[in-house]
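Visitor: Structure incoming, see below.
We did not get these values from a lab; they are worked out from the coordinates using the rules stated. This one's a predicted model, so the numbers in the text were calculated from it and none came from an experiment. Here the Cβ is made from the backbone with ideal geometry for all residues, glycine too, and neighbour counts use every protein chain on show.
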C-alpha cells in the first residue's frame, strides 16, 4: 500500500504534519490576541503523536487501490481534516481543564 507513491510510514507522518499545520494556521488566523509560540509548541507536541496514531491506524485498515487517483485524494483529505479537528479538540479540552483548575483553586 502506498500513499501517493510514498511509503506508508512517510505518508502517515506527512498527513499528520499537514493536519497539525493546518490546525495551527487556522488557530493563528482566528486568534485576534497576541501570538504565543509556546502555546503553539505545546499544541504541536500534544497533537502530533496522537495524529500519527490516528493516521497510521486508519491507513493500516484502509486498503487503497493500486490505481490510486480520486480514492487516494478523498482518503488523504479526510485524514488531514480529522487531524486538524482532533488537534482543536485537544486544545479545547485542555483549556476547559485549565479553567476548571483555576476556579477550584
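Visitor: Cα convex hull of the range 8-100: mean projected area in nm², to one decimal?
Guide: 6.7
Visitor: What is the spin-label model distance, in nm, from residue 58 to residue 38 if the labels are put 7 Å beyond Cα along the C-beta direction?
Guide: 3.3
Visitor: For a quick check: sort 42, 92 by the number of other beta carbons within 10 angstrom, fewest at the front.
Guide: 92, 42
Visitor: Need the full-extension length gain, residue 28 to residue 99, defined as separation in residues times 0.36 nm minus the C-alpha distance. One decimal, nm. Provide the component values of the computation, followed by the final result.
Guide: Values: separation 71, 0.36 × 71 = 25.56 nm, distance 2.09 nm.
The residue 28-residue 99 span can extend by a further 23.5 nm.
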